[in-house]
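Presented below is the structure to which this report refers.
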Amino acid sequence: MKTETKDKLFLILSMVIFGTIGIFRKYIPLPSGTVATFRGFIGVLFLTIVFLIKKKKPDFSVIKSKLLLLITSGIFIGINWILLFESYNYTSVATATLCYYMAPVIVTLMSPLLLKERLSAVKIICVFLSLLGMAFVSGIFESTSSGNSDLKGILFGLGAAVFYASVILLNKKIGTVDSLDKTWVQLFFAAVILLPYIIAAETVSASDFTPTTVIMLLIVGMIHTGFAYTLYFGSVGKLPAQTVAIFGYIDPVLSVILSALILKENMTGLGIVGAVLILGSTLLNELYHPKPHK
């Protein structure tokens, strides 16, 4: 099998795995912080095993030079997880996922300030269409809106998008740290920062950890985090940016489909229009690269 074909398959598989996490979260009867913390620690353990299998050691000298940025991005990942999991609790997986995919729009809006990148007319139109799509998904134009619960879910999803966008921007500044090293450190600090939160704010007991719940946590930690992140970061650096952008939309599209098929969470007509606007405009935003003026 050609290397590029293998990398594409790895990327597709990672996106398929990411696209199912909302379904698994719906069936784990634990608070979001607890799920996120276990996800982080199990993911770190999985990546540690990957290091051992590959007989590879993290480059601690490079990690040390970027430690503050890595810690900050890890903290943001942990907060992002909690908000996304809470979003699943209050609204449909489809709506939560679409809210979450506003992150590239937030990055686009912040890039002129933080990265000194110019906003083109096409990017401004994409932002507008994404915001319009978000309004359709939220149900504000429909009298049949689901009310406070759905609104909470939408706000949690948008909050998750803000922190995910922050991680994207921080990763641009982190630069040359090996992707596996970076993920290992970020997941560790994501889990560590969540420990005080779950101790102070959440109540769980040993009886909550039924065999089914433990299996679900292991799947989310090992497959959705350790394994999927390994596949993702092992392939994205070897593929063209446009290929990565296109395949990246397997995640939200699959989430929307599974939400309807498995959880019976159907979207309204305007919600479907909103989904198309969000995903279509965000994809265009990622693929559009204007030619430099001569």
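The values are calculated or read from the model by the stated rules, or taken from the named source; none is laboratory data. Everything numeric in this text was worked out from a predicted model, so none of it was measured. Note that each Cβ is placed from the backbone with ideal geometry, even for glycine, and that neighbours are counted across all protein chains shown. Accessible surface is based on the protein model in full, side chains and every heavy atom, while ligands, DNA and RNA are left aside. Shrake-Rupley method; radii C 1.70, N 1.55, O 1.52, S 1.80 Å.
Out of every Cα pair in the stretch 18-96, what percent are spaced more than 16 Å from each other?
62
Calculate, for the chain, the solvent-accessible area per residue in square angstrom, rolling a 1.4 angstrom probe over the heavy atoms of the protein chains.
That works out to 50 Å² per residue.
For the stretch 170-229, just say rounded, prolate or oblate: build the C-alpha gyration tensor, square-root its eigenvalues into a ≥ b ≥ c, call rounded for a/c under 1.5, and beyond that prolate if a/b exceeds b/c, oblate if not.
Taking the square roots of the gyration eigenvalues as a ≥ b ≥ c, the stretch 170-229 is oblate.
Give me the net charge of SER166's neighbourhood, meaning all other residues with Cβ under 12 Å from the Cβ of SER166; Lys, Arg count +1, Asp, Glu -1.
Computed value for this residue: +2.
Between ILE272 and LEU68, what FRET efficiency comes out of the Förster formula 1/(1 + (r/R0)^6) with R0 = 25 Å and r the beta carbon distance, rounded to 0.05?
Taking R0 as 25 Å, the efficiency between LEU68 and ILE272 is 0.05.
Cα gyration tensor of the stretch 39-172, axes a ≥ b ≥ c as square roots of the eigenvalues: rounded (a/c below 1.5), prolate (a/b > b/c) or oblate?
oblate
Just tell me, in residue order, which DSSP H segments of the chain are both 24 angstrom or longer along the helix axis (alpha-carbon based) and at least 1.6 in mean Kyte-Doolittle hydropathy.
Span-like helices in the chain: 32-54, 121-138, 269-287.
In square nanometres, what is one fourth of the surface area of the convex hull spanned by the alpha carbons of the stretch 174-268?
9.5
How charged is the neighbourhood of THR282? Take every other residue with its Cβ under 14 Å from the Cβ of THR282, and add Lys/Arg as +1 and Asp/Glu as -1.
Neighbour charge sum, excluding THR282 itself: -1.
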